[in-house]
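Read the structure below first, then the notes.
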Amino acid sequence: MSTSVAVRLVLASQSPARRKLLQAAGIEPDVLVSGVDESQVVSDQAEDLCLELARLKAQAVRDRLRPSPDERTLVLGCDSVLAFDGEILGKPDDAADATRRWQRMRGRSGVLHTGHCLLDVTHESRAEAVASTTVHFADISDDEIAAYVATGEPLAVAGAFTIDGLGGAFLTGIEGDPGTVVGLSLPLLRRLLAEVELSIVDLWTKIAPGGQEIEHLG
């Protein structure tokens, strides 16, 4: 499946955590924010909701691209939601909402769903799927909740928590891929790439100590 043609991955997300996850895995994406109004999609199924939003984000970015004939262009859209106690939770509305959520979630568990939509712009094909990971929340105190919400971190993320930031201290464990909770599952991305007849190694970039790019490995 390896290709000698340069492969460009465009990440249709403003999430620094998703970009950082790709970079740590040897992939340097271009970033183009979709601008999709997430409120336009309504569903009572968490998996359907996050996948439809991921699809809309990827399609919005694809429509703004002018691919080069010298490279193969891919667009990756992702969206995450938390299924908890029969509700679908995206980003909190405000600090009070984040506080109320944590007061309910502490000592309990939820399932973080992340939809992935990979568009092969060059070959006009699509591969998509949802990754799901169970998250167990610590039974944290009111003071810890107040301090965490005051940092602003939970206001910017689905479910009002992170695993790779301050919120990681307030989780007791997960069942599944931690990348799903960050917002992008690398094992799932590998499978989606295989569906469009690419290998994840085609996206690798060799990085020298200090972050200097040496050469493309694909």
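The values are calculated or read from the model by the stated rules, or taken from the named source; none is laboratory data. If you're wondering where the values come from, they're calculated on a predicted model, not measured in any experiment. Cβ coordinates were reconstructed from backbone atoms using ideal geometry, including for glycine residues, and neighbour counts include every protein chain displayed. Only protein heavy atoms, including side chains, enter the accessible area calculation; ligands, DNA and RNA are left aside. Shrake-Rupley method; radii C 1.70, N 1.55, O 1.52, S 1.80 Å.
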Review point. Consider residue 41 against the criteria (1) of a type in the set (A, V, I, L, M, F, W, C); (2) surrounded by fewer than 20 Cβ atoms within 10 Å (Cβ to Cβ); (3) within 15 Å of the chain's Cα centre (by Cα); (4) within 30 Å of residue 98 (Cα to Cα): it satisfies all of them except one. Which criterion is unmet?
Key: (3)
Practice item. Could you figure out which of (1) under 23 Å from residue 184 (Cα atoms); (2) among the acidic types (Asp, Glu); (3) assigned to a helix (DSSP H, G or I) isn't true of residue 144? Key: (1)
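Out of everything in segment 159-186 that is hydrophobic (A, V, I, L, M, F, W, C) and surrounded by fewer than 23 Cβ atoms within 10 Å (Cβ to Cβ), what residue ends up being nearest to the chain's Cα centre (by Cα)? Before you say what the answer is, go through the steps one by one.
Taking segment 159-186 first, the residues hydrophobic (A, V, I, L, M, F, W, C) are 160-161, 163, 166, 169-171, 174, 181-182, 184, 186.
Filter once more, so that each one left must be surrounded by fewer than 23 Cβ atoms within 10 Å (Cβ to Cβ): 163, 166, 169-171, 174, 186.
On the way: 163: 12, 166: 18, 169: 20, 170: 20, 171: 19, 174: 17, 186: 10 Å.
Per the stated criteria, the residue is 186.
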Review point. Residues of segment 90-141 being part of a strand (DSSP E or B), of a type in the set (A, V, I, L, M) and open to solvent by less than 10 Å² (accessible area, probe 1.4 Å), which ones?
Key: 112, 118, 119, 127, 135
Revision key, fill the gap. When segment 84-128 is checked residue by residue, the ones that are of a type in the set (A, V, I, L, M) and either out of contact with any strand residue (DSSP E or B) (no Cβ under 9 Å at 6 or more places or on another chain) or over 20 Å from residue 52 (Cβ atoms) (or both) are 95, 96, 98, 105
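To keep it simple, each residue is scored yes or no on (1) assigned to a helix (DSSP H, G or I); (2) of a type in the set (A, V, I, L, M, F, W, C).
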{"position": "21", "(1), (2)": "yes, yes"}
{"position": "33", "(1), (2)": "no, yes"}
{"position": "48", "(1), (2)": "yes, no"}
{"position": "57", "(1), (2)": "yes, no"}
{"position": "61", "(1), (2)": "yes, yes"}
{"position": "69", "(1), (2)": "no, no"}
{"position": "72", "(1), (2)": "no, no"}
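Taking the condition open to solvent by less than 40 Å² (accessible area, probe 1.4 Å), at pLDDT 95 or above and out of contact with any Gly (no Cβ under 7 Å at 6 or more places or on another chain), does residue 145 pass? Lay out the reasoning, then the answer.
Numbers: open to solvent by less than 40 Å² (accessible area, probe 1.4 Å): yes; at pLDDT 95 or above: yes; out of contact with any Gly (no Cβ under 7 Å at 6 or more places or on another chain): yes.
Criteria met by residue 145.
Provide a single number: the residues in segment 1-30 that are over 16 Å from the mean Cα position of the chain (by Cα) and basic (Lys, Arg).
As a first pass, look at segment 1-30 and keep what is over 16 Å from the mean Cα position of the chain (by Cα): 1-8, 26.
Next cut, basic (Lys, Arg) only: 8.
The number of residues fulfilling the criteria is 1.
Filtering segment 63-88 down to residues that are charged (D, E, K, R) and without any contact (Cβ under 8 Å) to a residue 12 or more places away in the chain, which residue is least open to solvent (accessible area, probe 1.4 Å)? Please lay out each step first, then the result.
Residues of segment 63-88 charged (D, E, K, R): 63-64, 66, 70-72, 79, 85, 87.
After this cut, where a residue has to be without any contact (Cβ under 8 Å) to a residue 12 or more places away in the chain as well, the list is 63, 66, 87.
Details: 63: 111, 66: 218, 87: 85 Å².
Only one residue tops the list, namely 87.
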